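This is the structure I want to talk about, given as structure tokens.
The values are calculated or read from the model by the stated rules, or taken from the named source; none is laboratory data. Keep in mind that what you see is a predicted model, and the values were worked out from it rather than measured. We place every Cβ from the backbone using ideal geometry, glycine too, and count neighbours over all the protein chains shown.
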Amino acid sequence: MSLTVKDLRVEIRAGGRTLTPVEGVDLVVGRDQCLALLGESGCGKSMTALALMRLLPEGGRVAAGRVELSREGAGVEDLLAQPESAMGQVRGGQLAMIFQEPQTSLNPVMTVAEQIGETLAAHRALTGVAARSEAGRLLEAVGLGTDKLDAYPFQLSGGQRQRALIAMMLAGEPEVLIADEPTTALDVTIQAQILKLLQDLRRERGMGLLLITHDLDVARDMTRGPDDRVAVMYAGQIVESAPGQALQAEPRHPYTQKLFAVLPRLERRGQRLDSLPGRVPVLDGSSAGCRFAERCPQVFERCRQEVPGFHGVAEGHWVRCHLADPEAASPADSQGRGVESAGENPPRPPFGKGGSEAGTPILAIDDLSVHFPIRKGLLKRTVGQVKAVDGVSLALAAGETLALVGESGCGKTTLARAVLRLIEPTGGEVRLAGEPLGGLRGEALRRKRAQMQIVFQDPFSSLNPRMGVGDILAEGMAALLPDLDRAGRARRTAELLDQVGLPADAAGRYPHEFSGGQRQRIAIARALAVRPKLLILDEPTSALDVSVQAQILNLLSDLRREHGLAYLFITHNLAVVSYLADRVAVMRGGKIVESGPVEQVLTRPRTDYTKLLLDSVPGQVLPDK
Amino acid sequence: MSMKPVLLWSDMLILVLLALVVAGVWLLRHNETFRAPLRQVLARPLGAATALVLGVYVAIGLLDSVHYVERLPDGPQGEAQYSGEVLSALDALLTPLRERVEKTYSAPFATHLYAKETLTGPDGRQVRDYPRLVHGGAHLADTDQEFWGDVLLRGGLGALGGVIAWLLCFPLWKNRPAGRPFALTLLVTLVVLGLLVALAPHYHVLGTDKVGQDVLYLSLKSVRTGLLIGTLTTLVVLPLAIGLGIAAGYFGGRVDDLIQYLYTTLNSIPGVLLIAAAVLVVQVQIETHPDLFATAAARTDVRLLALCAILGLTGWTGLARLLRAEALKLRELEFVQAARAFGVTRARILARHLLPNVMHLVLISLVIDFSGLVLAEAVLSYVGVGVDPAMISFGNMINGARLELAREPVVWWQLAAAFLFMFVLVLAANLFADTVRDALDPRGSRP
């Protein structure tokens, strides 16, 4: 049994031009094999999966290629040649797909048993009692009890929903399971469980697994087997395909090398992260040579003229790069490989003061709590309280970076907003540079606000789409720096844009004209506009690709050095913490369970919860304990 | 013959509105954020074409808003006396249409009445036949023989005039980006205008109504009423709906409760009954104080304004509810949170962050409401609480058509004329609003 994709080409017609998000993709997923399709957003990996299922969006079509499914005793069939009526049996029966968002992939008004029952009825003609007992068996296989059979999706947590969805997909006994970013929306501990479940299931059932992910560490964890492979996609093409172990050991394509080099790591502390400038090209077929040529550090003349072939560099290891062409002597031989480029940065001493003993802390949080009342009934009596933040105490010295780590729902975002007084705290005290914020009102509070600012997670919803970038930056200045006149604000706007590495003409443009990373730069510039001493960063990089994340992290460490900013860095990404933070506080259920210097917490955790968090991190990037 | 200008209340409002628009345009004429979308609207084929159609309607409405009374011969003591009939500039232009009244119904382009009557022939015998119209086709000696030739000749000349006028305008848009659709719309407009100028003085192009008035004249006069109801009601609705809707959504809590109670209460009373009650109260007030109104026109005018105010006061709830829901969503978005973190004042957050992000909703629902209001006027006139029955409006025309459709043979032209004029107006307004919305959206593709 195997799924073979040959020379797949997908075209999308949009706005009068034809884009080719997928071009010349070859894939093989065999029995009990995991193929990880790795790439950043917009590289065409999801489009490939949808093309396999023949579920392309409006305007999209498969322009060329074959998708072959071969089974013992059934021969080879080309899925693209099947009539749509026959695809119903293929989808779910032979190919099944798990989507990223567990919230929206289950029907909210049907119980789990009913939803699994639909697949059972369609593919295995099971109904009634037989279907129910089979559904129960499937739920147990994915680690949910039979008591969840009659549960509605809203009664399940995110991880449980993803398990229920996997059970649904297993119901048709598919031969290949396509998992499109199955754990991206989940917390790290849940992610580890789901990934392990997928591994176990494919072993037990001998399924092929096509795992689509942007996370190198997830790809690494899932392709540890000898047959497992990783295919790296860039701009609609597979640029490198290799056995999982070989790729991790020696990435050969400059893009893959860059992807590995931009990851934040504990051992890269104090160094600038390698960066990958530029953007993915528009895929309208206008580029003549290599699609990565514009961003490639080892680009040479031939790259811009000739499309590189797919060259074998080792057993089962192919690279789409002229450098790997065995017949041509490449100029890069004399330049050396790009992996060394990270070494060009001389290591710098670690940032931060390392301790908070000196002077008054810039931010002191003392026994802060935020409780939300639960109101019921006509008169809205308070019947209970949700303790989102429950007695948290933290201190942050000037110029220090404190990482606040925790899973979703642990109260870290609520804490940030309570510190900023966007939400009124229920109890406790916040002191900014020694002065309590609690009782401040009106003008006094506004003055204090100039000293602390926030950068949000989602760069798309954090900028008003109807305001120009110049207006966005000037807004805070107008409110908090009344001394600046119009000309002064314009000068400062230009200064800020320069600081965050945006072109000067950005002020006249609107947010939608910028990419995610550039928008995050605008958001950082907006926060810096009022000259704060403390920045609260609420997951500032989790919506960004790794290469963009590296740029933002570099920017943050530059700004910290130049302005002596203190950061309260809220994140769930421990790799980023290990790279950037001086101290870590681990939060769970509204309380701080552990805090201390970053080396100590990440290498010698004292509580079980921190240990669990560290063990769940994919790829085990952290040093062994 | 001399005359005295008369300023009705609605004229005054229109003047103020016009002055505000002109002043606004004058002040913002160098402002690029204002000019860029405007230029973009006019650069788009649909935008320019619909702007032209709307322009024609507005011109008709404005002409109809310049009112005067004619001076009659001086009284016995030499004091000035004025006619009680208030006329407008449009009436003056359309004098031939206005004064050439038939006895009763006649079909478009008819030369005879629509119903048979008992006629006394030259020989004194009484016959039942269709009598000749007094004005429509009166210049024809033999209607059967000459009719088609005359209509084609006059129509041809009129159309030719339109085409010539179009050619004269050619240099105006030669280098404009709006291009063909605009040129085509202009051509159609000018040809229609030419045809009307050539034919309307000699025939009743759209027929006559029950009392023999020219339907084309009625339709043109209805334009002002329709525009007025649409615009004034919108002006009442806008501040209420935007202010209350956004405030309810953004502030939440007590403010939200209060505003919700208010519109739930308003919504729980059947709309037509509420309007009817309010209109009747106003009507009684008007009738008990006849001394306040110099002319009949002033009275119908005040009644129209009252209707607009009432429609506005009862009609803001739908839009307000929509905006409340949108504001609820927007206030949680991070750019609003960021603005709060900057200590930006609430009023400024509402104006800079919330309002621009709900404008597309406001624009869409306003245009839909605009057509709804013109129709509501018809419904209310049917119940008898709409505009004054003496006022010429689409509502009254449609209301009259109710009985005409029950006749045998059917009198269809009054309804058709009202429908045609309203259809063009509402369609143009819809398409124009679409282009404006696209132009205001910074994410929209720019040419």
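Listed here are the residues, each with its yes/no results for (1) closer than 23 Å to B:GLY162 by Cα; (2) assigned to a loop (DSSP other than H, G, I, E, B); (3) at pLDDT 90 or above; (4) among the charged types (D, E, K, R).
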| site | (1), (2), (3), (4) |
| --- | --- |
| B:VAL197 | yes, no, no, no |
| B:VAL211 | no, yes, no, no |
| B:TYR217 | yes, no, yes, no |
| B:GLY230 | no, no, no, no |
| B:THR234 | no, no, no, no |
| B:GLY243 | no, no, yes, no |
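Answer yes or no: is there a residue in segment A:57-75 that is within 30 Å of A:THR541 (Cα to Cα) and either in contact (Cβ under 8 Å) with a residue 24 or more places away in the chain or buried (at least 22 other Cβ atoms within 10 Å of the Cβ) (or both). Can you show your working first?
Here is the first cut: in segment A:57-75, the ones within 30 Å of A:THR541 (Cα to Cα) are A:57.
Next, from what is left, pick out any that are either in contact (Cβ under 8 Å) with a residue 24 or more places away in the chain or buried (at least 22 other Cβ atoms within 10 Å of the Cβ) (or both): A:57.
So far as segment A:57-75 goes, yes, one or more of its residues are within 30 Å of A:THR541 (Cα to Cα) and either in contact (Cβ under 8 Å) with a residue 24 or more places away in the chain or buried (at least 22 other Cβ atoms within 10 Å of the Cβ) (or both).
Being of a type in the set (S, T, N, Q) and buried (at least 20 other Cβ atoms within 10 Å of the Cβ) is the filter here, so list the residues in segment B:344-373 that pass it. Before you say what the answer is, go through the steps one by one.
Our first condition is that a residue be of a type in the set (S, T, N, Q); within segment B:344-373, this holds for B:345, B:357, B:365, B:371.
Correct list: B:ASN357 only.
When you go through A:ARG161, A:ARG132 one by one, which is the residue that is in contact with a helix residue (DSSP H, G or I) (Cβ under 7 Å, 6 or more places away or on another chain), more than 19 Å from A:ILE98 (Cα to Cα) and in a helix (DSSP H, G or I)? Give the steps one after another, and end with the answer.
Details: A:ARG161 fails: more than 19 Å from A:ILE98 (Cα to Cα).
Of the residues listed, the single one that is in contact with a helix residue (DSSP H, G or I) (Cβ under 7 Å, 6 or more places away or on another chain), more than 19 Å from A:ILE98 (Cα to Cα) and in a helix (DSSP H, G or I) is A:ARG132.
What number of residues within segment A:242-260 are over 18 Å from A:LEU323 (Cα atoms) and buried (at least 23 other Cβ atoms within 10 Å of the Cβ)?
Count: 0.
Separate question: Every residue in segment A:422-436 that is in a loop (DSSP other than H, G, I, E, B) and buried (at least 20 other Cβ atoms within 10 Å of the Cβ), please.
Looking only at segment A:422-436, we keep the residues that are in a loop (DSSP other than H, G, I, E, B), and these are A:422-426, A:433-434.
Passing the criteria: only A:PRO425.
Is it fair to say A:ALA192 is modelled with pLDDT under 85, small (Gly, Ala, Ser), in contact with an Asp or Glu (Cβ under 9 Å, 6 or more places away or on another chain) and outside any strand (DSSP E or B)?
Numbers: modelled with pLDDT under 85: no; small (Gly, Ala, Ser): yes; in contact with an Asp or Glu (Cβ under 9 Å, 6 or more places away or on another chain): yes; outside any strand (DSSP E or B): yes.
It is false that A:ALA192 is modelled with pLDDT under 85, small (Gly, Ala, Ser), in contact with an Asp or Glu (Cβ under 9 Å, 6 or more places away or on another chain) and outside any strand (DSSP E or B).
Identify the single condition in (1) in contact (Cβ under 8 Å) with a residue 40 or more places away in the chain; (2) in contact with a strand residue (DSSP E or B) (Cβ under 9 Å, 6 or more places away or on another chain); (3) away from chain B (no Cβ under 14 Å) that A:SER408 does not satisfy, given that it satisfies every other one.
(2)
Then there's this: Search segment A:453-482 for residues being facing another protein chain (nearest Cβ under 8 Å) and in a strand (DSSP E or B), and hand back the single one that is nearest to A:GLU513 (Cα to Cα).
Going through the qualifying residues, I end up with A:ILE454.
Need the failing condition index for A:CYS43 against (1) assigned to a strand (DSSP E or B); (2) closer than 25 Å to A:GLN257 by Cβ; (3) hydrophobic (A, V, I, L, M, F, W, C), just the number.
The single condition A:CYS43 does not satisfy is (1).
Could you go through segment A:27-40 and let me know if any residue there is closer than 22 Å to A:GLN257 by Cα, out of contact with any Lys or Arg (no Cβ under 9 Å at 6 or more places or on another chain) and not assigned by TED's automatic domain parsing to the domain that holds A:SER547.
Within segment A:27-40, one or more residues are closer than 22 Å to A:GLN257 by Cα, out of contact with any Lys or Arg (no Cβ under 9 Å at 6 or more places or on another chain) and not assigned by TED's automatic domain parsing to the domain that holds A:SER547.
Results for (1) over 26 Å from B:LEU54 (Cα atoms); (2) assigned to a helix (DSSP H, G or I); (3) touching a strand residue (DSSP E or B) at 6+ places or on another chain (Cβ under 9 Å), shown as yes or no for each residue.
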site	(1), (2), (3)
B:ALA347	yes, yes, no
B:LEU354	yes, yes, no
B:VAL367	no, yes, no
B:ALA378	no, yes, no
B:MET391	no, no, no
B:ALA416	no, yes, no
B:VAL424	no, yes, no
B:PHE432	no, yes, no
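Within the bounds of segment A:541-560, is there any residue that is within 12 Å of chain B (Cβ to nearest Cβ), more than 16 Å from A:ARG272 (Cβ to Cβ) and in contact with a Leu (Cβ under 7 Å, 6 or more places away or on another chain)? Can you show your working first?
Start the filter on segment A:541-560 by keeping residues that are within 12 Å of chain B (Cβ to nearest Cβ), which leaves A:543.
From what's left, more than 16 Å from A:ARG272 (Cβ to Cβ): A:543.
Remaining after also requiring in contact with a Leu (Cβ under 7 Å, 6 or more places away or on another chain): none.
So far as segment A:541-560 goes, no, none of its residues is within 12 Å of chain B (Cβ to nearest Cβ), more than 16 Å from A:ARG272 (Cβ to Cβ) and in contact with a Leu (Cβ under 7 Å, 6 or more places away or on another chain).
Search segment A:160-171 for residues that are outside the structural domain of A:VAL142 (by TED's automatic domain parsing) and pair each with any residue that is crowded, with 24+ Cβ neighbours inside 10 Å when their beta-carbon atoms are under 6 Å apart and the residues are at least 6 apart or on different chains.
The qualifying pairs do not exist here.
So which strands (runs of 3 or more DSSP E) stay within segment A:334-417 end to end and still have 1 or more residues that are out of contact with any helix residue (DSSP H, G or I) (no Cβ under 6 Å at 6 or more places or on another chain) and modelled with pLDDT under 85? Before the answer, list the steps.
Numbers: elements: A:363-376, A:381-396, A:401-405.
Result: A:363-376, A:381-396.
Filter segment B:367-391 down to the residues that are more than 17 Å from B:THR231 (Cα to Cα) and in contact with a Ser or Thr (Cβ under 6 Å, 6 or more places away or on another chain) and list them by number. Break it down into steps so the answer makes sense when it comes.
Within segment B:367-391, the subset more than 17 Å from B:THR231 (Cα to Cα) is B:379-385, B:388-391.
Within segment B:367-391, B:ASP388, B:ALA390, B:MET391 meet the criteria.
Could you tell me how many of the residues in segment A:276-293 are modelled with pLDDT under 85 and buried (at least 16 other Cβ atoms within 10 Å of the Cβ)? Full working, then the answer.
Just the residues of segment A:276-293 that are modelled with pLDDT under 85, to begin with: A:276-289.
From what is left, the residues that are buried (at least 16 other Cβ atoms within 10 Å of the Cβ) are A:276, A:280-281, A:283, A:287, A:289.
Final tally of qualifying residues: 6.
What number of residues within segment B:131-169 satisfy the criterion of being loosely packed, with under 15 Cβ neighbours inside 10 Å and in a loop (DSSP other than H, G, I, E, B)?
The qualifying residues number 5.
Please find, within segment A:296-320, the residue that is surrounded by the most Cβ atoms within 10 Å (Cβ to Cβ) out of those that are assigned to a loop (DSSP other than H, G, I, E, B) and not hydrophobic (A, V, I, L, M, F, W, C). Write out each step before concluding.
Within segment A:296-320, the subset assigned to a loop (DSSP other than H, G, I, E, B) is A:296-300, A:306-309, A:315-316.
Remaining after also requiring not hydrophobic (A, V, I, L, M, F, W, C): A:297-298, A:306, A:308-309, A:315-316.
Working: A:PRO297: 15, A:GLN298: 19, A:GLU306: 14, A:PRO308: 22, A:GLY309: 13, A:GLU315: 8, A:GLY316: 12.
Ranking the candidates gives A:PRO308 first.
Could you pull out the residue among A:ARG375, A:ARG431 that is within 14 Å of another protein chain (Cβ to nearest Cβ), basic (Lys, Arg) and more than 28 Å from the chain's Cα centre (by Cα)? Let's see the steps before the verdict.
Values: A:ARG431 fails: within 14 Å of another protein chain (Cβ to nearest Cβ).
Matching residue, one of A:ARG375, A:ARG431: A:ARG375.
Let me ask something else about it. Of the residues B:PRO290, B:PRO239, which single one is out of contact with any His (no Cβ under 9 Å at 6 or more places or on another chain) and under 30 Å from B:SER83 (Cβ atoms)?
Numbers: B:PRO239 fails: under 30 Å from B:SER83 (Cβ atoms).
That would be B:PRO290, the only listed residue that is out of contact with any His (no Cβ under 9 Å at 6 or more places or on another chain) and under 30 Å from B:SER83 (Cβ atoms).
Right, another one. Mind checking which residues of segment B:323-338 are at the interface with another protein chain (Cβ under 8 Å from one of its Cβ atoms) and outside any helix (DSSP H, G or I)?
Passing the criteria: only B:LEU333.
Something else about it: Quick check: is even one residue across segment A:606-621 within 14 Å of chain B (Cβ to nearest Cβ) and either of a type in the set (A, V, I, L, M) or over 21 Å from the mean Cα position of the chain (by Cα) (or both)?
Taking segment A:606-621 first, the residues within 14 Å of chain B (Cβ to nearest Cβ) are none.
No: zero hits.
While we're here: Just name the residue that is farthest from the other protein chains (Cβ to nearest Cβ) out of those in segment A:32-48 that are in contact with a strand residue (DSSP E or B) (Cβ under 6 Å, 6 or more places away or on another chain) and of a type outside the set (A, V, I, L, M). Talk me through it step by step, then tell me what you get.
From segment A:32-48, those in contact with a strand residue (DSSP E or B) (Cβ under 6 Å, 6 or more places away or on another chain) are A:33-39, A:43-48; that's our starting set.
Keeping just the survivors that are of a type outside the set (A, V, I, L, M) gives A:33-34, A:39, A:43-46, A:48.
On the way: A:GLN33: 42, A:CYS34: 37, A:GLY39: 26, A:CYS43: 24, A:GLY44: 23, A:LYS45: 26, A:SER46: 23, A:THR48: 28 Å.
Ranking the qualifying residues of segment A:32-48, first place goes to A:GLN33.
Please find, among B:ALA320, B:ALA306, B:ALA297, B:ALA341, the residue that is touching a strand residue (DSSP E or B) at 6+ places or on another chain (Cβ under 8 Å), crowded, with 17+ Cβ neighbours inside 10 Å and either away from chain A (no Cβ under 14 Å) or under 29 Å from B:GLN283 (Cα atoms) (or both). Don't jump to the end; show me each part of the working.
Details: B:ALA320 fails: touching a strand residue (DSSP E or B) at 6+ places or on another chain (Cβ under 8 Å); B:ALA306 fails: touching a strand residue (DSSP E or B) at 6+ places or on another chain (Cβ under 8 Å); B:ALA341 fails: either away from chain A (no Cβ under 14 Å) or under 29 Å from B:GLN283 (Cα atoms) (or both).
Testing whether each residue is touching a strand residue (DSSP E or B) at 6+ places or on another chain (Cβ under 8 Å), crowded, with 17+ Cβ neighbours inside 10 Å and either away from chain A (no Cβ under 14 Å) or under 29 Å from B:GLN283 (Cα atoms) (or both) leaves just B:ALA297.
Shifting gears a bit: Just give me the residues in segment B:89-124 being surrounded by 11 or more Cβ atoms within 10 Å (Cβ to Cβ), of a type in the set (Gly, Ala, Ser) and without any contact (Cβ under 8 Å) to a residue 60 or more places away in the chain, in sequence order.
Within segment B:89-124, B:ALA89, B:ALA92, B:ALA115 qualify.
Return the total of residues in segment A:442-452 being in contact (Cβ under 8 Å) with a residue 60 or more places away in the chain and facing another protein chain (nearest Cβ under 7 Å). Working first, answer last.
In the first step, residues of segment A:442-452 are kept if they are in contact (Cβ under 8 Å) with a residue 60 or more places away in the chain; the result is A:449-452.
Then keep just the ones that are facing another protein chain (nearest Cβ under 7 Å); that gives A:449.
Matching residues across segment A:442-452 total 1.
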